[in-house]
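> Please find one structure pasted underneath; my questions will follow.
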Amino acid sequence: MSPPREPVVAGHHVVLDPDNVGRDLACLILTVVELIRQLMERQALRRVDQGDLTDDQIEAIGVTLMVLEERMDELREHFGLEPEDLNIDLGPLGPLLGTDR
């Protein structure tokens, strides 16, 4: 059996490290989940400010967002990631998740 070849993308070699594939995939997935979590949090704050929610709804949203944030912390710790590892640099657009966290 021949050794695996490195894939070529747009004329550049992409170096894959089999030992870090799981961690890198987890980082990408957690980045997307964190982006969605932050968007949900902002939307919830807007709705609270607009007065669209009952006290019970506000409580439920708050608890849900806290539990999700705790779970994200657990998953980052499990994969050895720091919060800044999830903040992809988009070059001239700046960081994906902003810098306020």
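> How would I36, I61 line up by accessible area, probe 1.4 Å, largest first? It would help to have the intermediate numbers written out before the result.
On the way: I36 85, I61 55 Å².
The ordering from most to least exposed comes out as I36, I61.
> Quick one: how many Å² of V67 are accessible to a 1.4 Å probe, rounded to 10?
We get 80 Å² for V67.
> Only Lys, Arg, Asp and Glu count, each charged at its Cβ (+1, +1, -1, -1), so figure out the dipole size of the range 56-101 about its Cα centre, rounded to 20 debye. Intermediate results must be reported in sequence, preceding the final value.
Working: 3 positive and 12 negative charges, 34 e Å.
Dipole about the Cα centre, nearest 20: 160 debye.
> I would also like to ask the following. Pull out the extension gain between E69 and L45, defined as 0.36 nm times the separation in residues minus the alpha carbon to alpha carbon distance; nm, one decimal. Walk me through the numbers before you get to the answer.
On the way: separation 24, 0.36 × 24 = 8.64 nm, distance 1.56 nm.
Gain on extension, E69 to L45, equals 7.1 nm.
> Any chance you could list P(r) for the range 21-99, counting all Cα-Cα pairs in 10 angstrom bins from zero, rounded to whole %?
17, 41, 28, 13, 1
> Could you compute the net charge surrounding E77? Neighbours are other residues with a C-beta less than 12 Å from the C-beta of E77; K and R count +1, D and E count -1. Display every interim value, and only then the final one.
Values: positive: R71, R76; negative: E70, D73, E74, E82, D85.
Computed value for this residue: -3.
> What length, rounded to one decimal in nm, is gained on full extension from L53 through to D24, with 0.36 nm per residue of separation minus their alpha-carbon distance?
Details: separation 29, 0.36 × 29 = 10.44 nm, distance 3.84 nm.
Full extension from L53 to D24 adds 6.6 nm.
The values are calculated or read from the model by the stated rules, or taken from the named source; none is laboratory data. Bear in mind the structure is a predicted one, so any value in this text is a computation, not a measurement. With ideal geometry, Cβ positions are generated from the backbone for all residues, glycine too; neighbour counts draw on all protein chains shown. The area values use the complete protein model at the heavy-atom level, side chains included, leaving out ligands, DNA and RNA. Shrake-Rupley method; radii C 1.70, N 1.55, O 1.52, S 1.80 Å.
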